[in-house]
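First the structure, in the form of structure tokens, and then the observations on it.
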Amino acid sequence: MLIVWIELALLLSIVKTHLILALLFYTQFTMIGFCMRLVRYDPLSRKIVPTEDSYWHHRETPLLPREHYERQF
């Protein structure tokens with residue numbers, strides 16, 4: 001009889017742990033997304049410009065020189 005109770009407790013702990021972690025995960029990201037929309041923060045700068053065909057931003061100069069990519073390590 002003790003083995004049955006141990007198995008039931010193990011099953012309940014697995015279900016409860018996954019449920020709590022999923023609830024915390026989705027609540028956290030929902031609140032962060034809500035706050036970002038509330039303050040109109042757009043980290044990807046996806047503003048729609050009517051004169052542009054795409055969201056692509058052209059850089060004036062590359063971030064790193066070409067020589068950097070030849071010997072990365």
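Tabulated values for the structure
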{"read-out": "Every pair of residues 6+ apart whose Cβ atoms lie under 8 Å, when the first sits in segment 57-73 and is outside any helix (DSSP H, G or I) while the second is open to solvent by less than 100 Å² (accessible area, probe 1.4 Å)", "value": "HIS57/SER45"}
{"read-out": "Hits in segment 30-44 - residues which are of a type in the set (Phe, Trp, Tyr) and either surrounded by 10 or more Cβ atoms within 10 Å (Cβ to Cβ) or not in a loop (DSSP other than H, G, I, E, B) (or both)", "value": "PHE34"}
{"read-out": "Tally of residues being of a type in the set (D, E, K, R) and in contact with a helix residue (DSSP H, G or I) (Cβ under 9 Å, 6 or more places away or on another chain) across segment 18-47", "value": "1"}
{"read-out": "Failed condition for THR27, given (1) open to solvent by less than 100 Å² (accessible area, probe 1.4 Å); (2) at pLDDT below 90", "value": "(2)"}
{"read-out": "Residue in segment 45-52 that is open to solvent by 100 Å² or more (accessible area, probe 1.4 Å) and either aliphatic (A, V, I, L, M) or part of a helix (DSSP H, G or I) (or both) present", "value": "yes"}
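The values are calculated or read from the model by the stated rules, or taken from the named source; none is laboratory data. Keep in mind that this is a model prediction, so the values were computed, not measured. Counting neighbours? That spans all protein chains shown, and the Cβs are built from the backbone with ideal geometry, glycine included. Surface areas here come from the heavy atoms of the whole protein model, side chains and all, with no ligands, DNA or RNA. Shrake-Rupley method; radii C 1.70, N 1.55, O 1.52, S 1.80 Å.
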